[in-house]
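Some notes on the structure that comes next.
The values are calculated or read from the model by the stated rules, or taken from the named source; none is laboratory data. Everything numeric here is computed off the predicted structure, so don't read it as measured data. As a convention, Cβ positions derive from the backbone with ideal geometry for all residues, glycine included, and neighbour counts pool all protein chains shown. With ligands, DNA and RNA removed, areas are computed over all heavy atoms of the protein, side chains included. Shrake-Rupley method; radii C 1.70, N 1.55, O 1.52, S 1.80 Å.
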Amino acid sequence: FAPPTFSVAQSGHFDWSVAPETAPGVRYVQLALTEPRAMDIHAMRIDSRETRIHFYTSPRHTEWIGNLHESRRTTTRDFVREGRAAGLDIGAAMNGDAFEPWPRPCAERSLTNLRGLAISGGELVSPPIDSPSFLVYEDGRVAVAAAVESLAGIQTAISGFGMVLEKGVPRGGDDRVVPRTGIGVSEDSRFVCWLAIDGRRHASEGATTEEVGRWLLHFGAHDGINLDGGGS
């Protein structure tokens, strides 16, 4: 399908009724901006109360060693391909947390250490550190937490660099204009907002972390975090 494209500046809250439904409970929109700079923005709103929707992340590796060899690196495209080959009906995927070390080429399938909390299928992949996380609980509840005190009942978790939206207030921290990926949750904990802003190219230069927070707020989030905008 051809997503709707807009060339207007951010203002108020986005009207999701104008965005096409790509699957039950899922709406997607693409915005093309020229101000304050060229930005190609992709946003998705996911209704967590739709029982046919599930969240997955990269699994724990069979040769797991905490804080060393936790999961295997894979591109987002291969994550989708391999998930579908395993029988998962994956409709969308995005970057997650940063990892280390950073070997090249970027598509290398090496074992890696994830920077923050990661839980896949209820199994701990990477222990928590002082970084915020997106959480999905066994009962279907979703949340964004600046810190995770208990892992009880968490089915899926990914983490990021920092909070960019907290209680409806955008937060700054990194003024570099680069590719960005963010995730947020609405105030009533019903909707999950995915955000990707292309960068480092003529058609889309990128964004700052404060702009990620403002766009997450625009698309309906109340709390949100900045994920890795690169090849994670």
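Of the residues making up region 97-113, none is crowded, with 17+ Cβ neighbours inside 10 Å, out of contact with any Lys or Arg (no Cβ under 9 Å at 6 or more places or on another chain), modelled with pLDDT under 95 and not small (G, A, S). Yes or no: region 193-213 includes at least one residue that is within 30 Å of W64 (Cβ to Cβ) and touching a residue at least 24 places away in the same chain (Cβ under 8 Å). Within region 193-213, one or more residues are within 30 Å of W64 (Cβ to Cβ) and touching a residue at least 24 places away in the same chain (Cβ under 8 Å). Of all residues in region 104-117, at least one satisfies being touching a Phe, Trp or Tyr at 6+ places or on another chain (Cβ under 6 Å) and of a type in the set (S, T, Y). The set of residues from region 132-145 being among the aliphatic types (A, V, I, L, M) and closer than 13 Å to G184 by Cβ comprises L135, V142, A143, V144, A145.
Scanning region 115-123 turns up one or more residues that are more than 17 Å from D228 (Cβ to Cβ), open to solvent by less than 20 Å² (accessible area, probe 1.4 Å), under 15 Å from the mean Cα position of the chain (by Cα) and modelled with pLDDT of 95 or more. Among the residues of region 167-215, what is the count of those that are assigned to a strand (DSSP E or B), under 27 Å from T22 (Cβ atoms) and open to solvent by 50 Å² or more (accessible area, probe 1.4 Å)? Final tally of qualifying residues: 1. Looking across region 124-142, the residues that are open to solvent by 30 Å² or more (accessible area, probe 1.4 Å) and either under 14 Å from I225 (Cα atoms) or of a type in the set (A, V, I, L, M) (or both) come down to L124, I129, D130.
Is it fair to say F79 is of a type in the set (A, V, I, L, M, F, W, C), surrounded by 15 or more Cβ atoms within 10 Å (Cβ to Cβ) and at pLDDT 95 or above? Steps first, please.
Details: of a type in the set (A, V, I, L, M, F, W, C): yes; surrounded by 15 or more Cβ atoms within 10 Å (Cβ to Cβ): yes; at pLDDT 95 or above: no.
So F79 does not fit the description; no.
When region 84-96 is limited to residues that are in contact (Cβ under 8 Å) with a residue 24 or more places away in the chain and either farther than 12 Å from G160 by Cβ or aliphatic (A, V, I, L, M) (or both), the one that is least open to solvent (accessible area, probe 1.4 Å) turns out to be I90.
Please verify whether I197 is modelled with pLDDT of 95 or more and touching a Phe, Trp or Tyr at 6+ places or on another chain (Cβ under 7 Å), treating the condition exactly as stated.
Values: modelled with pLDDT of 95 or more: yes; touching a Phe, Trp or Tyr at 6+ places or on another chain (Cβ under 7 Å): no.
No; evaluated as a whole, the condition is false for this residue.
Among the residues of region 25-43, which ones are open to solvent by 30 Å² or more (accessible area, probe 1.4 Å) and closer than 21 Å to G229 by Cα?
Quick first cut of region 25-43, residues open to solvent by 30 Å² or more (accessible area, probe 1.4 Å) only: 27-28, 30, 32, 34-37, 42.
Across region 25-43, the qualifying residues are Y28, Q30, A32, T34, E35, P36, R37, H42.
Do you know which of the residues in region 47-58 that are over 12 Å from the mean Cα position of the chain (by Cα) and open to solvent by less than 90 Å² (accessible area, probe 1.4 Å) is nearest to H218 (Cα to Cα)? In this case the residue turns out to be D47.
A residue that is part of a strand (DSSP E or B), within 12 Å of G116 (Cβ to Cβ) and in contact (Cβ under 8 Å) with a residue 12 or more places away in the chain cannot be found anywhere in region 147-156. Kindly evaluate R73 against the criterion of being touching a Phe, Trp or Tyr at 6+ places or on another chain (Cβ under 7 Å) and either at pLDDT below 95 or on the phi > 0 side of the Ramachandran plot (or both). For R73, the condition - touching a Phe, Trp or Tyr at 6+ places or on another chain (Cβ under 7 Å) and either at pLDDT below 95 or on the phi > 0 side of the Ramachandran plot (or both) - is met.
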